[in-house]
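Structure first, commentary second.
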Amino acid sequence: MSDRIHTLSGYLYEYQKSVAQPEEFWAKIADSFYWRKRWSKVLKWNFEEPEIKWFVDAKLNITENIFERHLFTIGDRPAIIWEANDPNEEGRTITYRELFHEVNRFANALKRKGIGKGDKVIIYMPMVPEAAIAMLACARIGAIHSVVFAGFSSTALADRVVDCEAKAILTSDGNYRGSKKIGVKSVVDEALEKSSVETVIVYERTKQDVTMKEGRDFWWHDVIAEESEQCVAEEMDSEDMLFILYTSGSTGKPKGVVHTTGGYMVYSQYSFDNVFQYSEGDVYWCTADIGWITGHSYIVYGPLLAGATTLMFEGVPTFPDCGRFWAVVEKHKVNIFYTAPTAIRALQAYGTEEIEKYDLSSLKVLGSVGEPINEEAWHWYHTHIGKNKCPIVDTWWQTETGGIMVSPIAGITPTKPAYATLPLPGIQLCIVDPEGNELTGNSVEGNLCVKYPWPGMIRTIFGDHERCKQTYFSTYKGMYFTGDGVKRDHDGYYRILGRVDDVINVSGHRLGTAEVENAINEHPKVIESAVVGYPHEIKGQGIYAYVICDMTNRTEDNLINEIKEMVSKIIGPIAKPDKIQIVSGLPKTRSGKIMRRILRKIADGSHDTMGDTSTLLDPEVVSQIIEGRK
Ligand code: PRX
């Protein structure tokens with residue numbers, strides 16, 4: 001790729017150019033893509049509405065940029081290497097040409113079911129290549145995909161089906177995860193009880209029994225059986241929606257983040273290429289699930305647009321044992337490995353014995369994403385996995401940013417443990433104090449904002465543009481507010497400090513405290529609840545719930561278990577509280593607002609330094625909670 005950064009001075013040069021002449025900068029990068037019609041203007045924007053348009057009036061199809069753009073040169077190159085959950089099951093290697101044909105066949109099958117441009121399609125699938133094929137087939141025909149992590153419950157899935165007005169669901173019979181076989185289609189059936197989804201296509205993975213509803217449910221292998229390997233790509237406007245991806249916010253209802261075609265395409269490839277410094281022939285492995293933005297941008301779109309070989313892993317890091325990641329690295333000679341701090345910390349706890357069994361010499365670059373990486377985990381990763389020779393790229397970004405925003409450029413930017421270091425070209429960061437004043441210079445700490453658009457950014461929240469405006473563009477005028485706290489040190493390096501809103505990050509998964517509270521409150525014995533995050537050794541943050549309950553005919557233990565099950569059922573196992581404390585009251589202000597600051601202090605054990613409690617309605621409640629602390 002011609003826009004590749006090769007040196008630190010090259011990075012600085014590109015960065016300065018991107019700030020001085022953003023439109024020229026991005027136009028040059030966009031030039032290496034295939035556009036059916038070129039843009040009339042690179043960028044139109046205002047952060048008030050907000051209204052953001054990149055590559056205005058341009059026409060394209062993102063899959064033509066994966067396939068047609070370089071099929072002559074890379075047709076025989078492996079696009080996806082798939083490693084099954086069970087190490088004894090044979091994996092799959094799919095070349096770009098084969099992937100192209102599979103995408104086309106499935107795209108034709110979707111069309112035959114009446115799905116076309118602008119229709120919303122939910123993908124609720126395990127980590128099998130067909131999940132990526134499903135996404136690309138939607139993009140090929142202009143349907144808008146919304147991938148829902150297959151660990152979400154039927155209630156969470158149903159909410160998303162309704163919110164995005166899905167016309168079809170693509171799923172599987174079941175899912176292998178570690179030693180477990182999990183029903184997937186059964187969850188879809190539950191979610192669809194009250195819905196009018198017209199078509200369900202089921203990929204056969206586990207061969208477990210499923211019920212198929214006549215006229216609505218079809219097998220994947222049946223629908224593609226007669227389809228052609230050719231499918232002409234739909235022409236999309238640069239600003240046509242590519243996908244909706246739900247994420248948690250500080251209010252109860254998850255929001256459907258909307259990404260559009262042209263800008264997302266340019267940004268996902270540009271950031272992939274530069275951050276990881278992928279070279280031809282490298283095997284790249286991102287361990288995320290495609291249900292999250294990391295899977296979208298850095299398992300599917302970024303790598304495939306770049307012509308890279310992307311490894312997709314169906315299983316979990318601890319099956320059949322805790323050496324599995326390293327066994328996969330050795331087996332496939334992985335060169336670039338991208339994972340989350342929570343996985344690093346979990347594996348760190350098992351010691352180094354399992355690592356020493358494997359040859360990790362193929363590794364060149366290590367990546368981290370999803371939450372702050374603590375220094376200890378950083379050093380462990382660097383020493384034991386990277387053998388002190390692999391740069392670590394600590395990549396900070398969000399579902400809303402579409403791609404990596406702050407990160408070292410592998411092997412080029414000098415790294416510093418726990419620092420995401422510097423912004424990518426095109427990313428104009430700004431640190432503000434609570435009043436929104438920009439904090440200039442180095443050695444400052446505040447809230448992280450971005451003051452100029454970048455191509456991969458969120459365009460709206462599906463069905464609720466006002467919420468998009470309120471959440472991201474209203475806190476600080478003229479800026480996109482990330483919700484994260486940040487420090488810029490004396491070298492100008494950025495260190496992300498974590499969320500400053502009511503969002504918690506559990507094992508790299510974002511959850512709204514209100515969302516968890518709503519689920520807890522569904523339990524008939526619960527009167528009121530308040531949820532906060534607290535530092536957790538492995539998960540980064542754990543969930544601490546304070547709950548007021550009607551205890552008649554119940555013991556504390558059975559009630560706690562029931563509440564955990566309730567949350568699991570309503571959201572999914574990832575949202576299960578780690579600690580539940582039954583309390584008789586919650587600390588409230590005179591105006592009835594729960595003082596979460598106090599609850600956070602109690603949860604993390606720092607209640608000796610409670611700060612100002614003068615606005616508390618009933619200080620006695622606090623002492624009682626401290627006494628019963630878990
Ligand atoms: O708090 C930041 C944290 O994860 C949030 C975004 O979560 P999500 O949209 O689910 O996307 C996760 C994958 C991109 C951010 O607001 N976060 C993400 N990466 C980092 C991070 N915090 C610190 N360091 C990171 N590298």
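If I ask for residues that are more than 30 Å from PHE462 (Cβ to Cβ) and either within 8 Å of the ligand (Cβ to nearest atom) or modelled with pLDDT under 95 (or both), which ones from region 375-412 would you list?
Scanning region 375-412 gives a single hit, ASP394.
From the list PRO423, PRO455, which residue is crowded, with 20+ Cβ neighbours inside 10 Å, away from the ligand (no atom under 16 Å from the Cβ), within 20 Å of the chain's Cα centre (by Cα) and not assigned by TED's automatic domain parsing to the domain that holds GLN541?
Sole residue among the options that is crowded, with 20+ Cβ neighbours inside 10 Å, away from the ligand (no atom under 16 Å from the Cβ), within 20 Å of the chain's Cα centre (by Cα) and not assigned by TED's automatic domain parsing to the domain that holds GLN541: PRO455.
Any idea which of (1) among the charged types (D, E, K, R); (2) surrounded by fewer than 19 Cβ atoms within 10 Å (Cβ to Cβ); (3) over 22 Å from the mean Cα position of the chain (by Cα) is the one ARG177 doesn't satisfy?
Going through (1) among the charged types (D, E, K, R); (2) surrounded by fewer than 19 Cβ atoms within 10 Å (Cβ to Cβ); (3) over 22 Å from the mean Cα position of the chain (by Cα) one by one, ARG177 breaks only (3).
Looking at GLY483, is it assigned to a strand (DSSP E or B), within 11 Å of the ligand (Cβ to nearest atom) and crowded, with 20+ Cβ neighbours inside 10 Å?
Against the criterion (assigned to a strand (DSSP E or B), within 11 Å of the ligand (Cβ to nearest atom) and crowded, with 20+ Cβ neighbours inside 10 Å), GLY483 qualifies.
Among the residues in region 462-478, are any more than 28 Å from THR260 (Cβ to Cβ) and more than 24 Å from the chain's Cα centre (by Cα)?
no
Go through VAL200, VAL232, VAL258 for me and flag whichever is over 25 Å from the mean Cα position of the chain (by Cα), at pLDDT 95 or above and closer than 28 Å to LYS113 by Cα.
The unique qualifying residue is VAL232.
Name the one entry in GLY611, GLY605 that is exposed (fewer than 12 other Cβ atoms within 10 Å of the Cβ), at pLDDT below 90 and farther than 17 Å from VAL526 by Cβ.
GLY611
From the list PHE319, PHE313, which residue is surrounded by fewer than 17 Cβ atoms within 10 Å (Cβ to Cβ), over 24 Å from SER9 (Cβ atoms), under 24 Å from the mean Cα position of the chain (by Cα) and touching a residue at least 60 places away in the same chain (Cβ under 8 Å)?
PHE319
If the Cβ limit is 8 Å and pairs must be 6+ apart or interchain, which residue in region 9-22 that is on the phi < 0 side of the Ramachandran plot and at pLDDT 95 or above pairs with which residue that is polar (S, T, N, Q) and surrounded by 12 or more Cβ atoms within 10 Å (Cβ to Cβ)?
What qualifies is TYR11/THR413; VAL19/GLN428.
Of everything in region 362-384 that's hydrophobic (A, V, I, L, M, F, W, C) and under 20 Å from GLY508 (Cα atoms), which residue is farthest from the chain's Cα centre (by Cα)?
Of everything passing the filter in region 362-384, TRP380 is farthest from the chain's Cα centre (by Cα).
Which ones in region 287-298 are aliphatic (A, V, I, L, M) and within 12 Å of the ligand (Cβ to nearest atom)?
Passing the criteria: ALA288, ILE293.
Can you tell me which residue is nearest to the ligand (Cβ to nearest atom) among those in region 355-372 that are among the charged types (D, E, K, R), surrounded by fewer than 22 Cβ atoms within 10 Å (Cβ to Cβ) and assigned to a loop (DSSP other than H, G, I, E, B)?
Out of the qualifying residues, it is LYS364.
Would you check if ASP608 is of a type in the set (D, E, K, R), assigned to a loop (DSSP other than H, G, I, E, B) and out of contact with any strand residue (DSSP E or B) (no Cβ under 9 Å at 6 or more places or on another chain)?
no
Could you look through region 202-232, keep only residues that are in contact with a helix residue (DSSP H, G or I) (Cβ under 8 Å, 6 or more places away or on another chain) and of a type in the set (Val, Ile, Thr), and pick out the one that is surrounded by the fewest Cβ atoms within 10 Å (Cβ to Cβ)?
THR211
Name the single residue that is farthest from the ligand (Cβ to nearest atom) among those in region 494-517 being within 18 Å of TRP292 (Cβ to Cβ) and charged (D, E, K, R).
Once the filter is applied, the top-ranked residue is GLU515.
Okay, residues lined up against (1) modelled with pLDDT of 95 or more; (2) surrounded by 23 or more Cβ atoms within 10 Å (Cβ to Cβ); (3) under 21 Å from the mean Cα position of the chain (by Cα):
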site	(1), (2), (3)
VAL516	yes, yes, yes
ALA519	yes, yes, no
VAL526	yes, no, no
VAL531	yes, yes, no
HIS536	yes, no, yes
ILE548	yes, no, no
ASN553	no, no, no
SER568	yes, no, yes
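Quick check on region 287-309: of everything there that is assigned to a helix (DSSP H, G or I) and among the hydroxyl-bearing types (Ser, Thr, Tyr), which residue is surrounded by the fewest Cβ atoms within 10 Å (Cβ to Cβ)?
THR294
Give just the number: which of (1) surrounded by fewer than 22 Cβ atoms within 10 Å (Cβ to Cβ); (2) modelled with pLDDT of 95 or more does GLY436 not satisfy?
(2)
Kindly check whether there is at least one residue in region 339-352 that is touching a residue at least 24 places away in the same chain (Cβ under 8 Å), surrounded by 23 or more Cβ atoms within 10 Å (Cβ to Cβ), within 15 Å of the ligand (Cβ to nearest atom) and under 13 Å from TYR284 (Cα atoms).
Yes, region 339-352 contains at least one residue that is touching a residue at least 24 places away in the same chain (Cβ under 8 Å), surrounded by 23 or more Cβ atoms within 10 Å (Cβ to Cβ), within 15 Å of the ligand (Cβ to nearest atom) and under 13 Å from TYR284 (Cα atoms).
So if I check each of TYR278, TYR267, TYR284, which one is within 14 Å of the ligand (Cβ to nearest atom), assigned by TED's automatic domain parsing to the domain that holds ALA410, crowded, with 24+ Cβ neighbours inside 10 Å and not basic (Lys, Arg)?
Step by step, each of TYR278, TYR267, TYR284 is checked, and only TYR267 is within 14 Å of the ligand (Cβ to nearest atom), assigned by TED's automatic domain parsing to the domain that holds ALA410, crowded, with 24+ Cβ neighbours inside 10 Å and not basic (Lys, Arg).
The values are calculated or read from the model by the stated rules, or taken from the named source; none is laboratory data. Keep in mind that this is a model prediction, so the values were computed, not measured. Note that we place each Cβ from the backbone using ideal geometry, even for glycine, and neighbour counts take in every protein chain shown.
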